[in-house]
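Input: a single structure, listed below in structure tokens.
The values are calculated or read from the model by the stated rules, or taken from the named source; none is laboratory data. Since the model is a prediction, treat every value here as computed from it, not as a measurement. Don't worry about glycine lacking a Cβ; one is built from the backbone with ideal geometry, like all the others, and counts go over all protein chains shown. When the accessible area is computed, the model is the full protein with side chains, heavy atoms only, and any ligands, DNA or RNA have been set aside. Shrake-Rupley method; radii C 1.70, N 1.55, O 1.52, S 1.80 Å.
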Amino acid sequence: TFEQEVGRPDGARRSCDPGWWAIMEHNGDRDPNARSTWALSAMWCLWLIVFTSTALIPAREHWWLFNAAVMALVLVTIWMPDQGDTVFPYYSIVILPIVVFKSVFVGGLWSFGILGYAFVIVPFWDCFVGVDVGNQTREVQKELHDAFRFELLTLLVSPGILGCLLYGAWLANFGGLSLVEIAGLSVGVGIITGVVGIVAGHELCHRASWYERCFGRLLLCCATYGHFYIEHTLGHHKWVGTDRDPATARYGESFYAFLPRVVKGELCSAMRIERDRLRRKGLPSWHSEVPAYFLVSVSIVLTLACLTGPMAFPFFALQSVAAIILFQSVNYVEHYGLERREVSPGQYEVVQPKHSWDAPTRITNHIMFRLQRHADHHAHAGKRYQTLQAYDSAPQMPSGYATMLLLAFLPPLWRAVMHPRLLAHRGQQVGQKFRHGPSPWAELVEVASKASVVGAERTTSLRCRLAGA
């Protein structure tokens, strides 16, 4: 689980990539064995208290003051060291529900204000706050793996998401909101469910303890996507980078072509995995977990409707759609165009860091539980988020997920930015012939082969002319 990158010293930092769209670089000179002092942890705790207290700023009267305070407090973290062993920076996820509900209180089109944060302000933060290139030694990773303070945060996400759903449903019924504001509220809560809920659920579903897996599946059901637990752990991690994986976006495939394919493909894959499991165990079809997860989602929305009112139904449906679209856009960028080599019919090389795109941006990694260190997650799925490392061998996106998702929604821009990086990465895979898109090495060999054939034909022709003379 805690293996280091081959040929690299234990805890070595990730090398700088000139293609990153970032101004600052953090932890490049940090000792990989370093631990936070009590003073540093206290500083992060104080920052979190002040950051959370922005919720006390009246939304309607001081909307711009609230936004300015949030912006300033995030930029202050540029000068705050993060040794990777304090959990307080990850609690910055509290800003999402604060922004969502304050935007709704302002009203009108401002109800969609979270979209401005997600696709404008967070990319700005990623650029100015910069990247974190620091790693830890195996010994430090083992210590962090067993640190309950990180596990506690992921467990607290479940009541937090349920609270957001309940409050959102109450506002939809009794908040006196217009249809536009209800739509903005639903999309905003969907972003909370997608960015925090599903990502934390994904983290928990990989854990060994039964209670963490239960909390993880509950979070997925809050977005009506419980079957993801089955497909992701038993399907995606096995077949990533192959045509059998619906969640691997292919070269040249737009997000709008990928979205219906992955939603349908993951559901069918989960049902197929469950069918095979039941057949092996000799169990009847009603033992399948797939319908059970949908029943949990139905139970959640029925409970919300009983506690608040009928507007809970469209609210829950719309927030689920928003969460799924956002989450699948993350799936789209994580493995776009990356393929595993087929070593024999139906057999593929072992999953390696080179099969996932990484993004080391500091802010988005705090908000998304280091999901952007995706290469290490796939190479060592048992590692907790706080122990994920940044590998030199992993291909790099130029910025964090917030920026890349915006590009993914604009296919020409996405291809203009990502295809040069993808082809450069493919050029390092010696001898591999890719199933989708160009194969730089195979094409080079083909050109060389044609050149040698033409050269041989010309030599033979010249010899024949000389013999005739």
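A compact table of results
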quantity: Considering residues of the range 379-419 that are in contact with an Asp or Glu (Cβ under 8 Å, 6 or more places away or on another chain) and polar (S, T, N, Q) only, the residue farthest from Asp10 (Cα to Cα); calculated: Thr403
quantity: Any chance Tyr211 is among the hydroxyl-bearing types (Ser, Thr, Tyr), surrounded by 21 or more Cβ atoms within 10 Å (Cβ to Cβ) and assigned to a helix (DSSP H, G or I); calculated: no
quantity: Within the range 320-347, tally of residues that are small (Gly, Ala, Ser) and within 18 Å of His378 (Cβ to Cβ); calculated: 1
quantity: Residue that is nearest to the chain's Cα centre (by Cα) [pool: residues in the range 173-185 that are part of a helix (DSSP H, G or I) and surrounded by fewer than 24 Cβ atoms within 10 Å (Cβ to Cβ)]; calculated: Ala183
quantity: The lone exception for Phe327 - which of (1) among the aromatic types (Phe, Trp, Tyr); (2) open to solvent by 60 Å² or more (accessible area, probe 1.4 Å); (3) within 19 Å of Arg217 (Cβ to Cβ) it fails; calculated: (2)
quantity: Any hit, the range 241-251, residues being buried (at least 22 other Cβ atoms within 10 Å of the Cβ), touching a residue at least 40 places away in the same chain (Cβ under 8 Å) and aromatic (Phe, Trp, Tyr); calculated: no
quantity: Where a residue in the range 97-123 is touching a residue at least 12 places away in the same chain (Cβ under 8 Å) and its partner, wherever it lies, is open to solvent by 20 Å² or more (accessible area, probe 1.4 Å) and among the acidic types (Asp, Glu), with Cβ under 8 Å and at least six apart; calculated: Val104/Glu181; Gly107/Glu181; Gly108/Glu181; Ser111/Glu181
quantity: Residues of the range 62-108 classified as small (Gly, Ala, Ser) and surrounded by 18 or more Cβ atoms within 10 Å (Cβ to Cβ), total; calculated: 3
quantity: Long-range neighbours under 7 Å by Cβ, at least six apart or interchain, first residue among the polar types (S, T, N, Q) within the range 129-155, second open to solvent by 50 Å² or more (accessible area, probe 1.4 Å) and not in a helix (DSSP H, G or I); calculated: Asn135/Arg13; Thr137/Asp10; Thr137/Asn33
quantity: Residues that are buried (at least 19 other Cβ atoms within 10 Å of the Cβ) and on the phi > 0 side of the Ramachandran plot, drawn from the range 330-386; calculated: Gly337, Phe369, Arg370
quantity: Among residues of the range 416-442, those that are of a type in the set (Lys, Arg), surrounded by fewer than 16 Cβ atoms within 10 Å (Cβ to Cβ) and either closer than 28 Å to Gly130 by Cβ or touching a residue at least 60 places away in the same chain (Cβ under 8 Å) (or both), counted; calculated: 1
quantity: Hits in the range 305-328 - residues which are small (Gly, Ala, Ser) and within 25 Å of the chain's Cα centre (by Cα); calculated: Ala317, Ser320, Ala322, Ala323
